[in-house]
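**Q** Below is one structure. I have some questions about it.
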Amino acid sequence: MLTKRVIVCLDVRAGQVTKGVKFQGNVDLGDPVDYARRYYAQGADELVFYDITASAEQRGLFIDVVRRVAEAIFIPFSVGGGIRSLADMRTVLLAGAEKVSLNSPAVRDPTLLTQGAHAFGAQCVVLGVDAKKVAVSAAIPSGYEVVIDGGRTLTGKDVVAWVREAESRGAGEICLNAIDTDGVRGGYELTITRLVADAVRIPVIASGGGGTPAHLVAAVTHGGADAALIASMVHYGDYTVASIKQAMAAQGVPVRSAA
């Protein structure tokens, strides 16, 4: 049986790990390389680094952070934020990341997904999706709309339609973040997680709302996700990655040993 992954997300702003609630009120926490080492030692399966203001500020990549992380850990990690071209993808991968995560730029130019898949393989291309619950309409039949620019811009795109299109264009994985539950720590948004998991054949990472190990169990069982992204619950010391995995295993969820 395939193991379910526990992935730690590190949002980066001005070279510091930062955390907010529903994309607002961010507080800076510390050096991303120190955090990467901590979660690697605790048994994280992967890490994700997002430069959370790069797209909104229309600026480039934080490659210095990528290189320093690659020297410090020996598990896969992906990088998102400020990646707007095939050249940017190449730069990130050559700096040591295993994957690139495309969010706002992919909405504006979906051919980026195809370019990346052709050049580096679909396994290197992650589509990041920020989903916001809205009224059901002809344009948004799922009731969840794609938002970009760190939650600042509505797109008029239906989340389920967009992930299907992205898969057809070459995305190898979906990281689905529910804005309405992001940072709240009350549990993942299981409705949209299940809708997306059922809509595509590629792996889906649930993101936004993890607060207890039971939330991760729900995401990978009821939500159908292949992995769960966590941040606050480990950043603030309430849990370690190892303790989360132990609790998941006790509930019958197959996970890679944290030892």
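**Q** Within the chain, count lysine pairs with alpha carbon atoms under 21 angstrom apart where the residues are 8 or more positions apart or belong to different chains.
**A** On the way: Lys4/Lys99; Lys4/Lys245; Lys19/Lys132; Lys22/Lys132; Lys22/Lys133; Lys22/Lys157; Lys132/Lys157; Lys133/Lys157.
Eligible lysine pairs with Cα atoms under 21 Å apart amount to 8.
**Q** For the range 78-176, report the translational diffusion coefficient in µm²/s to the nearest whole number, using Stokes-Einstein at 4 °C, 1.567 mPa s, and a Kirkwood Rh over Cα pairs.
**A** Details: Rh = 13.4 Å.
Translational D for this selection: 96 µm²/s.
**Q** Just to confirm my numbers, what's the Cα centroid distance between the range 152-213 and the range 215-259 in Å?
**A** First find each Cα centre; the distance between them is then 17 Å.
**Q** For the chain, with only Lys/Arg (+1) and Asp/Glu (-1) charged at the beta-carbon, what is the dipole magnitude about the Cα centre, in debye rounded to 20? Present the calculation step by step, with values, prior to reporting the outcome.
**A** Details: 25 positive and 26 negative charges, 39 e Å.
Computed charge dipole of the chain: roughly 180 debye.
**Q** On to the next question. What percent do you get for the relative contact order of the chain when only Cα pairs under 8 Å and 6+ apart count?
**A** Values: 585 pairs, mean separation 48.1, N = 259.
In percent, rounded to a whole number, it is 19.
**Q** So, one more: Looking at the chain, identify the longest residue range that excludes and avoids all trypsin sites (Lys or Arg not before Pro) in DSSP loops having at most 13 other Cβ atoms within 10 Å. Please report the intermediate quantities before stating the final value.
**A** On the way: sites that count: Arg59, Arg152, Arg201.
It runs 60-151.
**Q** Place +1 on the Cβ of every Lys and Arg and -1 on the Cβ of every Asp and Glu in the chain, take the dipole about the Cα centre, and give the residue among Gly30, Leu102, Ile205 whose Cα lies farthest towards its positive end.
**A** Ile205
**Q** Quick one: what are the phi-derived ³J(HN,Hα) couplings along the range 241-257, Karplus 6.51/-1.76/1.60 with θ = phi - 60°, whole Hz, x for glycine and proline?
**A** 4, 4, 5, 5, 5, 4, 5, 5, 4, 5, 8, x, 8, x, 9, 6, 4
**Q** Using only Cα atoms, what Kirkwood radius does the range 5-250 have, in angstroms?
**A** Numbers: mean 1/r = 0.0569 Å⁻¹.
After inverting the mean inverse Cα-Cα distance, the result is 17.6 Å.
**Q** Where does the chain land at 222 nm, in deg cm²/dmol rounded to the nearest 500, when only DSSP H runs of n ≥ 4 count, each adding -39500 (n - 2.57), divided by all residues?
**A** Numbers: 11 runs with 92 residues, N = 259.
About -9500 deg cm²/dmol.
Bear in mind these aren't lab numbers, they're just calculated from the coordinates by the rules spelled out. Note that this is a predicted model, so its numbers are computed, not measured. Positions of Cβ are generated from backbone atoms using ideal geometry, with glycine treated the same way; all protein chains shown enter the neighbour counts.
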